[in-house]
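In what follows, a single structure is set out as structure tokens and then discussed.
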Amino acid sequence: MSFKSLNITDPILRSLNEEGYSTPTEIQSRAIPIALKGNDLLASAQTGTGKTAAFAIPVLQNLGANPQKRGQKKIRSLVVTPTRELAIQIDESFRNYGRYTGLIGTTVYGGVSQKRQVKKLKKGVDILTATPGRLLDLMNQGHISLSDVEVFVLDEADRMLDMGFIHDIKKIRKALPKKHQTLFFSATMPRAIVKLSNSILHNPSKVEVEPESPTVDAIKQGVYFVEKKNKKALLIDILQDAGIESALVFTRTKRNANNVVKLLNKQNINAEAIHGNKSQSARQRALGNFKDQKTRVLVATDIAARGIDVDELKYVINYEVPNEPETYVHRIGRTGRAGSDGTALSFVDSVERAYIRDIQKLIGKQIPVMDEHEFATANHNTAVSQSNHQSSNSSRRNKKKRPSGRKRKFRSRR
Ligand code: AMP
């Protein structure tokens, strides 16, 4: 299957070619034909599957086929997404894929002055990517009208509900014209999402890309059973391996993210944090430094990391394991993107063992136990299911301390 066979037109094919996209991903090959026809779409696809292009390409193609007249300043497509990082990234994708279409995109999000955003809006934009709060603010101030929107995209709807944006979404919907197309994307489909989608979609075509997609399968996973107090030492130990050129480390709280950064910097490991307490410009700077490989380790909390898309990110380390299994899938989806491989390691203390059990249930497989490290806790087999025969053996072995200085290995034992 090629993009050409999906009837993608030349200006877009040219930019996709420049991006190095040769074949559509599953979500793209299934969603694009539906969206191009103008139908409503309910798509279940997790991050890393290529979902952004799955909505951006048809939006660009349909709007580009019928450009607005010179001087007209209608917002013709609105994309609503939960975080600023995602908004910036989606806007960047529209610019990349749409660079030969003549369409103009911009983004509005909170945490920064609205001045520049308003200036850009005044010049006229075809495609607006927004986070809910700033969008409503600017609508209330009369800077944004949604009355000409032809395509409404709701991105990461599940996260949006988790973050309490349901009322904002309802308000935004009310400002849209009666007739418009809606493309609804969510990584997961809990009951609340199905209910929301029923209330806003008309006769939608449904596309579901399995969570156990090849993208996730391409990620090598491993768990380290370790006491909470030893996590710091384990992290430093793992990062001694120069083979890990860059790593994204997740913590549950902003405070812990800052602490991990301090710890690593003390060890001369170049690290920066990205979380909600940082100003937007500090977050962008940290992300930029990480992408440019000026910073080796980026320490992030879940919400801040939602939009992080770093080409060729090879390592994700869960310094703390999330208690929502879906969050684990999102986190590790930062690596192994679009066909490349990656490694996701999780540090699991006694409290987090239950979380790992839930995660294994969700992803439908056992995560191999990394037992060759000097901080391994005994009896870690309680965290893995009975079917994992290796556990009891490995816990016995763990009682023997490895001589220090031996290189850590990231291979699994399975
Ligand atoms: P997303 O799921 O939209 O966050 O996309 C994940 C990553 O896949 C991004 O880095 C995209 O640039 C990349 N990508 C999207 N579509 C393709 C494709 N058809 N071929 C190769 N890479 C892609």
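The values are calculated or read from the model by the stated rules, or taken from the named source; none is laboratory data. Here the structure is a predicted model, which means the values were calculated and not measured. Note that each Cβ is placed from the backbone with ideal geometry, even for glycine, and that neighbours are counted across all protein chains shown. All accessible areas refer to the heavy atoms of the entire protein, side chains included, with ligands and DNA or RNA removed. Shrake-Rupley method; radii C 1.70, N 1.55, O 1.52, S 1.80 Å.
Structure data summary
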read-out	value
SER77, sole failed condition from (1) away from the ligand (no atom under 14 Å from the Cβ); (2) open to solvent by 10 Å² or more (accessible area, probe 1.4 Å); (3) farther than 19 Å from ALA187 by Cβ	(2)
Matching residues in the range 136-161 - criterion: being free of Cβ contacts under 8 Å to residues at least 40 places away in the same chain and either outside the structural domain of ILE75 (by TED's automatic domain parsing) or open to solvent by 50 Å² or more (accessible area, probe 1.4 Å) (or both)	ASP137, ASN140, GLN141, GLY142, HIS143, SER147
Conditions (1) of a type outside the set (D, E, K, R); (2) open to solvent by 10 Å² or more (accessible area, probe 1.4 Å); (3) part of a helix (DSSP H, G or I): number failed by THR101	(3)
Qualifying residues in the range 315-355 (those that are assigned to a helix (DSSP H, G or I) and of a type in the set (Gly, Ala, Ser)) - the one surrounded by the fewest Cβ atoms within 10 Å (Cβ to Cβ)	GLY339
Residues of the range 104-128 classified as over 20 Å from the mean Cα position of the chain (by Cα), hydrophobic (A, V, I, L, M, F, W, C) and open to solvent by less than 30 Å² (accessible area, probe 1.4 Å), total	4
Output for the range 27-72, where each listed residue is near the ligand (Cβ under 10 Å from one of its atoms) and surrounded by fewer than 20 Cβ atoms within 10 Å (Cβ to Cβ)	SER29
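Residues are listed down the side, and each one gets a yes or a no for (1) outside the structural domain of PRO190 (by TED's automatic domain parsing); (2) in contact with a strand residue (DSSP E or B) (Cβ under 9 Å, 6 or more places away or on another chain); (3) modelled with pLDDT under 75:
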residue: LEU298; (1), (2), (3): yes, yes, no
residue: GLU324; (1), (2), (3): yes, no, no
residue: ALA354; (1), (2), (3): yes, no, no
residue: ASN379; (1), (2), (3): yes, yes, yes
